[in-house]
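Read through the structure below, which is laid out as structure tokens, and then see the notes.
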Amino acid sequence: MIVGIPKEIKNNESRVGMTPAGVFELVKNNHTVYVQSGAGEGSGFFNKDYQQVGAVILDTIGQVYAMSQMIVKVKEPIELEYDMIQEGQILFTYFHFASSESLTKAMIKRKAICIAYETVEDEDGTLPLLTPMSEVAGRMAIQQGAKYLEKPVKGRGVLLGGVPGVAPGRVLVLGAGVVGIQAAKMAAGLGAHVTILDINMKRLRYVNDVMPPHVVTEFSNEFNIRKHIKTHDLIIGGVLLKGAKAPNLITRDMLKEMRPGTVIVDVAVDQGGCVETTRPTTHEDPIYIIDDVVHYSVANMPGAVPYTSTMALTNVTLPYALKLANLGWEAACDKDDALKKGLSIVAGKVVYEEIIDAFGWEGALA
Ligand SMILES: NC(=O)c1ccc[n+]([C@@H]2O[C@H](COP(=O)([O-])OP(=O)(O)OC[C@H]3O[C@@H](n4cnc5c(N)ncnc54)[C@H](O)[C@@H]3O)[C@@H](O)[C@H]2O)c1
């Protein structure tokens, strides 16, 4: 198969759909790989790195789309790319169709084969192509939180690890899922005291088994949240209700109960946030302050560490990309139920029910 790796042109996106290690595997399997010049630069991979493993570098994004049977990327195509997409071309990337009717309509019109990373789903209901980004965001949440706890940026002026003779900082983690566990692990590693809350006892039992004793589990309810916000320096929001808006576990009135300079990193901002006062921010302007509480709520946290994020993403997408290239999309999806769940739009027809529901297009399912 001929596989194309275009440069991401969405604002502030520095990740790339495939690393040189991925190109190496595809070329080893007798596929041709076209990489747009400079596509990997934002993630620290240069043209010569791709050429060394057998990729052909093309000058323009138009050439990559025109000459490839399958496009592997990171973000959904933006408007500029719509007309470059060819009928029958496989697009393997994050789409998040339910949040954009115009993107969905454009992909239907182009009659491409759209396989969405975010809906590839394992038997146990986990989403293997989303997990690495939650891992990145969870770990980064502590790095960012520690930074904004510093006084010059209006934080409490607390060093998370403390020092001999001074108690460590206290971190409250809401949700013991992928984000929450990675955040708890990082905070514990710095020496902070960690309290982690969830409503799922299985998750709490797991955390209790694997974490050191300074990571304490408690059931998530309003009483416990109100109690802990008064004494914790950094609060991480990592809750998720699948397919729904995140619940507002911290309401506006609770900010007054927190000490000035408390920092909230609401990772769940992409699902509306689990703090009433959360609104999406960007890496250029990541924080704002309400009632002396610092809010950090960047919607694409992994974008700030493109090297790690690209590696983490492509580690999990490559086996599927290889399968698609080796077998073609129909046979690959027939043989792999997880990959089949990623099929969203096929040759002009929506085949993923949630997209139909999102836009109220009943009766339109293929
Ligand atoms: N901002 C970013 O850049 C970024 C990056 C990656 C993920 N995310 C978001 O982070 C959020 C968490 O993702 P995840 O992969 O960890 O999800 P997950 O499904 O692994 O974990 C969510 C956890 O929240 C728990 N939960 C649900 N209701 C709760 C409540 N009332 N109190 C406490 N816990 C509750 C669930 O039991 C589950 O354990 C999602 O919204 C995801 O989209 C954001």
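The values are calculated or read from the model by the stated rules, or taken from the named source; none is laboratory data. It should be emphasised that the depicted structure is a prediction, and the values quoted were computed from it without experimental measurement. All Cβ positions, even for glycine, are placed from backbone atoms using ideal geometry, and neighbour counts span all protein chains on display. Side chains are part of the model used for accessible areas, which takes the heavy atoms of the whole protein and leaves out ligands, DNA and RNA. Shrake-Rupley method; radii C 1.70, N 1.55, O 1.52, S 1.80 Å.
Some points to look at:
- Test: residue in the range 342-353 that is open to solvent by less than 50 Å² (accessible area, probe 1.4 Å) and in a helix (DSSP H, G or I): no
- Failed item, numbered, when residue 171 is tested on (1) among the β-branched types (Val, Ile, Thr); (2) within 14 Å of the ligand (Cβ to nearest atom); (3) in contact with an Asp or Glu (Cβ under 8 Å, 6 or more places away or on another chain): (2)
- Residue check, residue 253 acidic (Asp, Glu) and either in contact with a Lys or Arg (Cβ under 9 Å, 6 or more places away or on another chain) or at pLDDT 95 or above (or both): yes
- Meets criteria (among the β-branched types (Val, Ile, Thr), within 8 Å of the ligand (Cβ to nearest atom), within 17 Å of the chain's Cα centre (by Cα) and outside any loop (DSSP other than H, G, I, E, B)) for residue 269: yes
- Residue in the range 342-361 that is within 15 Å of the chain's Cα centre (by Cα) and either more than 28 Å from residue 109 (Cα to Cα) or of a type outside the set (S, T, N, Q) (or both) present: no
- Residues located in the range 106-117, provided they are open to solvent by 10 Å² or more (accessible area, probe 1.4 Å) and not in a helix (DSSP H, G or I): 111
- Selection status of residue 231, open to solvent by less than 10 Å² (accessible area, probe 1.4 Å) and of a type in the set (S, T, N, Q): no
- Any hit, the range 169-181, residues being open to solvent by 70 Å² or more (accessible area, probe 1.4 Å), at pLDDT 95 or above and out of contact with any Pro (no Cβ under 9 Å at 6 or more places or on another chain): yes
- Residue in the range 248-260 that is away from the ligand (no atom under 14 Å from the Cβ), among the polar types (S, T, N, Q) and either in contact (Cβ under 8 Å) with a residue 60 or more places away in the chain or open to solvent by less than 40 Å² (accessible area, probe 1.4 Å) (or both) present: no
- Among the residues listed as 188, 137, 176, the single one being small (Gly, Ala, Ser), over 30 Å from residue 354 (Cα atoms) and touching a residue at least 24 places away in the same chain (Cβ under 8 Å): 188
- Filter result for the condition that a residue is part of a loop (DSSP other than H, G, I, E, B), of a type in the set (A, V, I, L, M) and either surrounded by fewer than 21 Cβ atoms within 10 Å (Cβ to Cβ) or more than 16 Å from the ligand (Cβ to nearest atom) (or both), over 159, 103: 159
- Pick from the range 188-207, criterion in a helix (DSSP H, G or I) and away from the ligand (no atom under 14 Å from the Cβ), ranking: nearest to residue 236 (Cα to Cα): 188
- Positions within the range 79-100 being modelled with pLDDT of 95 or more, aliphatic (A, V, I, L, M) and either at positive phi or not in a strand (DSSP E or B) (or both), in sequence order: 80, 84, 85
- Taking the criterion of being assigned to a loop (DSSP other than H, G, I, E, B) and closer than 19 Å to residue 273 by Cβ, the only residue of the range 119-144 that qualifies is 130.
- The one condition in (1) open to solvent by less than 30 Å² (accessible area, probe 1.4 Å); (2) over 30 Å from residue 298 (Cα atoms); (3) in a loop (DSSP other than H, G, I, E, B) that residue 15 fails to fulfil: (2)
- Tabulated pairs, the range 288-312, first within 15 Å of the ligand (Cβ to nearest atom), second of a type in the set (Gly, Ala, Ser) and assigned to a strand (DSSP E or B), C-beta under 9 angstrom, 6+ apart or interchain: 297/237
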